[in-house]
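To keep things clear, I will list the structure first and then write my remarks on it.
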Amino acid sequence: MSARSLRLLSPLLRASPVPPSSRHALSAHHAAQRCALRTASLPSRTCARRGYSQTPDPKLNPTQQTSSGERDRAAIGVFTPKAAALFVLTGIGLYFYFRNEKEKLLEQRRKEREDQVVGRPQVGGPFSLTTHKGEPFTEKDLLGKWSLIYFGFTNCPDICPEELDKMSAAVDKLDEKYGQIVQPIFISVDPARDTVPQVARYVSEFHPRLVGLTGSYDTLKATCKAYRVYFSTPPNAQPGDDYLVDHSIFFYFMDPNGQFVDAFGKASSVEDVVARVEKEVARWEKEYGRRV
């Protein structure tokens, strides 16, 4: 075929379409070649992808050969028998430490109380008298309450009423703050004239809770001696006799254990009495956890 003929046929050859079946065959052939090339170039990736289904190599993964005991220890963490023993020993040590510290604190408080008692006068003791209601009254009736005790006599012209008024005013103020934790008491030093009815009339003029006490000469003398109270009543005095009575001008402050705390004289004011009682009640509450 001449060159001129070829030139004339070439447009026809270029315009001739490739059959669809031939195109699909070529595409499939090329795709197969590309896949083969990729597979040949990435053998390690194929092995890695299939590694999960292969039998593990003990040399590469030694942790899979641990014993059941090691797995149990791993499961419970650091709480081993040794750690448990150390924990128990630490707890026992702390228990004995705190118990020892508590005993030291109690011993210190006991010594403080002893020092306070040693520094106090020995005031108070057993006695047995009769109230203005005709009832027996002993030192045991002082227990469980704070007490203010005044020694006097019903025929006293001025000093006794003044001191009883002061004591009653202090008790009223303390009642407002604490309730009825303070017990006011009047003890007669004139047994010949201060009978039960006479004492009942006298105390009714002061505080409504004032307890009046009287008794025989011997019992009152023993009571005054225990409380270190001076009085000059004649031992053989009769109710109709005319005599003067001299006595100590104090009222005594006693704690709920019946122990002496302080004494207030004529120079002490109502505020002094209240402040002293408040201080002692606060100390008592701190030590015992209660006010009485």
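The values are calculated or read from the model by the stated rules, or taken from the named source; none is laboratory data. Being a predicted model, the structure only gives us computed values, none of them experimental. With ideal geometry, Cβ positions are generated from the backbone for all residues, glycine too; neighbour counts draw on all protein chains shown. These area figures cover heavy atoms from the full protein model, side chains too; ligands, DNA and RNA do not enter into them. Shrake-Rupley method; radii C 1.70, N 1.55, O 1.52, S 1.80 Å.
Quick look at the values:
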read-out	value
Complete set of residues in segment 235-253 that are closer than 23 Å to Val196 by Cβ and open to solvent by less than 50 Å² (accessible area, probe 1.4 Å)	Ala237, Tyr243, Val245, His247, Phe251, Tyr252
Residue check, Asp242 on the phi < 0 side of the Ramachandran plot and touching a strand residue (DSSP E or B) at 6+ places or on another chain (Cβ under 8 Å)	no
So Thr219, is it of a type in the set (Val, Ile, Thr), closer than 24 Å to Leu143 by Cβ and touching a strand residue (DSSP E or B) at 6+ places or on another chain (Cβ under 8 Å)	yes
Within segment 132-157, considering residues that are open to solvent by less than 20 Å² (accessible area, probe 1.4 Å) and either among the charged types (D, E, K, R) or in a strand (DSSP E or B) (or both), the one nearest to Ala237 (Cα to Cα)	Gly152
Options Ser232, Ser248; residue that is touching a residue at least 60 places away in the same chain (Cβ under 8 Å) and closer than 17 Å to Phe153 by Cβ	Ser248
Any chance Leu213 is in the same structural domain as Lys140 (by TED's automatic domain parsing) and within 27 Å of Pro126 (Cβ to Cβ)	yes
Pick from segment 158-169, criterion open to solvent by 10 Å² or more (accessible area, probe 1.4 Å) and of a type in the set (Asp, Glu), ranking: farthest from Gly124 (Cα to Cα)	Asp158
Condition check for Asp172: in the same structural domain as Val277 (by TED's automatic domain parsing) and assigned to a helix (DSSP H, G or I)	yes
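A quick yes/no check of all residues on (1) at pLDDT 95 or above; (2) within 19 Å of Ser248 (Cα to Cα); (3) open to solvent by 40 Å² or more (accessible area, probe 1.4 Å):
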position: Val171; (1), (2), (3): yes, no, no
position: Leu174; (1), (2), (3): yes, no, no
position: Gln180; (1), (2), (3): yes, no, yes
position: Gln183; (1), (2), (3): yes, no, no
position: Ile187; (1), (2), (3): yes, yes, no
position: Thr195; (1), (2), (3): yes, no, yes
position: Ser204; (1), (2), (3): yes, no, yes
